[in-house]
Amino acid sequence: MDLQRTVPWGRDFDEYSEMFSLSSLKAGDTVIGCGDGPASFNAEATSRGICVTSVDPLYTFSRAELEQRIEQARNEVMPQVRAKVDDYIWQTIESPEELERRRMQAMRVFLKDYEEGCRAGRYIAASLPKLPYQDNAFDYGLCSHLLFLYSPQLDEELHIQSVLELCRVAREVRIYPLVSIENNQRSGHLPAVLSALAEVGYHSEEVPVSYEFQRGARAMLRIST
């Protein structure tokens, strides 16, 4: 896919659960999601008693502004998806039409929750590589479709500093996917990130997951801190 910038494109709780193997996530667990954008994960997890804080610079915008940006993203992303259907695995999501329906439903859930979530401090306007939280503030740190995916847009040093910052604020970090948006190949930033993690004593492993929509995106990076 040819995107020159990150775009607001939301996924739901079930997709997060599959991408990050979150079957053990339970009420009372604390989670920080970096780059969540307009995902419905926060709203759906909150309804299950899970304590989620989503961090994204997108949250500087009002609900009305976000609705406009989501519609712009829809008009940008969906034509490219339809033009490159072979880049995706059409199993759990069976067609571009179902993809559009599912994404828009997730983002509607997000928009409905957004203003209340902001008041409750669940949506925070901030961004990697600097997070406004103390060390080990969260049980889990999740990063969906940002690091490694946007390898052409985000350089190697930013990846290293961002992953280390996630490790600072969360006891366990999970990042998905590990392939670049440019060519569906393993990100060229991974070796440097893994080396930086090893240097400071973190254990990292690439873990197969049950979720694959973007072709080749079959694993997450799990880091124990």
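Residues of region 82-118 that are among the β-branched types (Val, Ile, Thr) and buried (at least 17 other Cβ atoms within 10 Å of the Cβ): 93, 109.
The number of residues in region 73-97 that are under 19 Å from residue 210 (Cα atoms) and in a helix (DSSP H, G or I) comes to 1.
Scanning region 133-160 for residues that are among the hydrophobic types (A, V, I, L, M, F, W, C) and closer than 17 Å to residue 223 by Cα returns 137, 138, 142, 143, 146, 147, 148, 160.
Evaluation of residue 54 against the conditions (1) polar (S, T, N, Q); (2) surrounded by fewer than 19 Cβ atoms within 10 Å (Cβ to Cβ); (3) under 25 Å from residue 163 (Cα atoms) shows that the sole unmet condition is (2).
Every number in this text was worked out from the coordinates using simple rules, so none of it is lab data. Here the structure is a predicted model, which is why all the values come from computation and not from measurement. Glycine gets a Cβ as well: all are built from the backbone with ideal geometry, and neighbour counts include every protein chain shown.
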